[in-house]
1. Restricting region 308-320 to residues that are hydroxyl-bearing (Ser, Thr, Tyr) and over 21 Å from residue 286 (Cβ atoms), which is modelled with the lowest pLDDT?
2. Report whether or not residue 83 is within 16 Å of the ligand (Cβ to nearest atom), free of Cβ contacts under 8 Å to residues at least 60 places away in the same chain and under 19 Å from residue 202 (Cβ atoms).
3. Name the helices (runs of 4 or more DSSP H) wholly within region 321-439 that hold at least 2 residues that are at pLDDT below 95, more than 24 Å from residue 238 (Cβ to Cβ) and outside the structural domain of residue 261 (by TED's automatic domain parsing)?
4. Can you spot a residue in region 26-38 that is in a loop (DSSP other than H, G, I, E, B) and more than 16 Å from the ligand (Cβ to nearest atom)?
5. If only one of 49, 64 is within 16 Å of the ligand (Cβ to nearest atom), in contact with a strand residue (DSSP E or B) (Cβ under 7 Å, 6 or more places away or on another chain), in the same structural domain as residue 198 (by TED's automatic domain parsing) and within 24 Å of residue 15 (Cα to Cα), which one is it?
6. Give 69, 96 a once-over and let me know the one that is within 15 Å of the ligand (Cβ to nearest atom), of a type in the set (Lys, Arg) and either surrounded by fewer than 16 Cβ atoms within 10 Å (Cβ to Cβ) or touching a residue at least 24 places away in the same chain (Cβ under 8 Å) (or both).
7. Go through region 364-373 and give me each residue that's under 20 Å from residue 400 (Cα atoms) and touching a residue at least 40 places away in the same chain (Cβ under 8 Å).
8. Do you know which residues across region 27-44 are hydrophobic (A, V, I, L, M, F, W, C) and in contact (Cβ under 8 Å) with a residue 60 or more places away in the chain?
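The values are calculated or read from the model by the stated rules, or taken from the named source; none is laboratory data. As the structure is a computational prediction, the values presented were derived from the model and not from experiment. Cβ placement follows ideal geometry from the backbone for every residue including glycine, while neighbour counts extend to all protein chains displayed.
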Amino acid sequence: MATEEKTFSDFKLNKQLLNAIADMGFTKPSPIQEKAIPRILAGQDLFGIAQTGTGKTAAFVLPILMKIKYAQGNDPRALILAPTRELVIQIDREIKELAKYTDLRHVCVYGGIGPKTQIEEIQKGVDILVGTPGRVMDIYLKGELVFKQLKVMVLDEADRMMDMGFMPQIRKFLEVIPRKRQNLLFSATLPDKVVTLSEEFLEFPERIEVTPQATPAKLVEQKLYYIPNFLTKINLLGELLADEETFSRVIIFTKSKEHANNIFKFLSRKGKGETRVLHANKGQNSRINAIDSFKDGEVRTLVATDVASRGIDVSSVSHVINFDVPVIYEDYVHRIGRTGRANNTGTALTFCNPAEKYHIGKIQKIIRMQIPVEDLPANLEILPTTKEERQKINKEIDHQKRRENPGFKGAFHEKKERKKDSPYLKALNKKKKSGNRKNKRRR
Ligand code: AMP
């Protein structure tokens, strides 16, 4: 049966934030968000153990935005310290997107460039300051920052900050900022140094942890398909489901309600057996009925967004198909955990378009293994990518490159490189070759 899933509207967030969350395409809170947001809103100190890719940034940014609500005065009321320029920029970008319907002012500061422009930004008035400890301290020591209004302080990636020798600066901060404030500490790992810091920095903290399950269910065979676009993904899905015996009970995961509905329509139209769709817009009863019919074997395919992934406990699911690669990386482990249950073996297939390759890289790090790549079936029709989808894919790739390297100049400079080692071209060439071989044999 489906467990009661939280949605963002369950938290007491205002309309501006909920709209920004919807614009970002977040359909449901990630596990760390589910745990952290209510606690931070309630004013608790928090010690979060979570890696990048868990949604931890939004987990602290959202309640901070909610707490400080609108622009006020000139001095920062929230200070977020992070170890590197890249991370500072990334956090600031997330704030920009989530705060887009508010008038909150945020500034990010880091070393490697002169402080002049950063100081000018601060002088215009700032509500949230994000920075590396060294640079924030430099600006403070120049007398350009006042911390009297500080209500919340966040230390992100504390383990890296410790490794980079920021402890003395952090101690200095603790001396100059107001005693009465809320403190949040995030770290991917738990070395002694971080535990010591947490004791100095936090008061009666609540510790929350999201440890990505390192090894996916052993009984699950995983396969990865590189597929250029949505329509070809649909074609492959149809092709695979033609084998009714092997693909007897299948859950298809998608990233959005729209994809889920489109796939549902496609499967119903093509007569691919009984199918049901499961997502947040469906009422609780309809969800339970869908899962029950699936359990009973009346329904062959269940199309679901992640909202359903944790609640489904059905044995002998033959295949999990990730029609879209999950961007909350632990969801990959949760999703494929739906098959291979109770000593049954199962197969998890993941369809990956060029923009999703980045996320596969991150997932492989978390599961500490490479997902074996499967050739596309020789008879699969590869459809052209629509202009709209191509633009979307290129935009996402640009965004990812900027995330990894804020100095990145744009897709144009990279086009040639990308073509050279494209797994899509490799997969296609391989497919062509094997197709030729088969044709020869036939002749
Ligand atoms: P982080 O762990 O904060 O680096 O976030 C990893 C990625 O997940 C970022 O691209 C976020 O924008 C995205 N993200 C954060 N929360 C959610 C959510 N609830 N649903 C989908 N994506 C999210």
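1. It comes out as 315.
2. Working: within 16 Å of the ligand (Cβ to nearest atom): yes; free of Cβ contacts under 8 Å to residues at least 60 places away in the same chain: no; under 19 Å from residue 202 (Cβ atoms): yes.
Answer is no for this residue.
3. On the way: elements: 330-336, 357-367, 387-404, 411-420.
Counting at least 2 such residues, we get 387-404, 411-420.
4. To start, the set of residues in region 26-38 that are in a loop (DSSP other than H, G, I, E, B) comprises 26-30.
Retained after the next criterion (residues that are more than 16 Å from the ligand (Cβ to nearest atom)): none.
Among the residues of region 26-38, not one is in a loop (DSSP other than H, G, I, E, B) and more than 16 Å from the ligand (Cβ to nearest atom), which makes the answer no.
5. Details: 49 fails: within 24 Å of residue 15 (Cα to Cα).
Being within 16 Å of the ligand (Cβ to nearest atom), in contact with a strand residue (DSSP E or B) (Cβ under 7 Å, 6 or more places away or on another chain), in the same structural domain as residue 198 (by TED's automatic domain parsing) and within 24 Å of residue 15 (Cα to Cα) holds for just one of 49, 64, which is 64.
6. Details: 69 fails: within 15 Å of the ligand (Cβ to nearest atom).
Criteria check complete, one pass: 96.
7. Filtering region 364-373 down to residues under 20 Å from residue 400 (Cα atoms) leaves 364-366.
Within region 364-373, 366 is the sole residue that qualifies.
8. Our first condition is that a residue be hydrophobic (A, V, I, L, M, F, W, C); within region 27-44, this holds for 32, 36-37, 40-42.
32, 36, 40 - these are the residues of region 27-44 that are hydrophobic (A, V, I, L, M, F, W, C) and in contact (Cβ under 8 Å) with a residue 60 or more places away in the chain.
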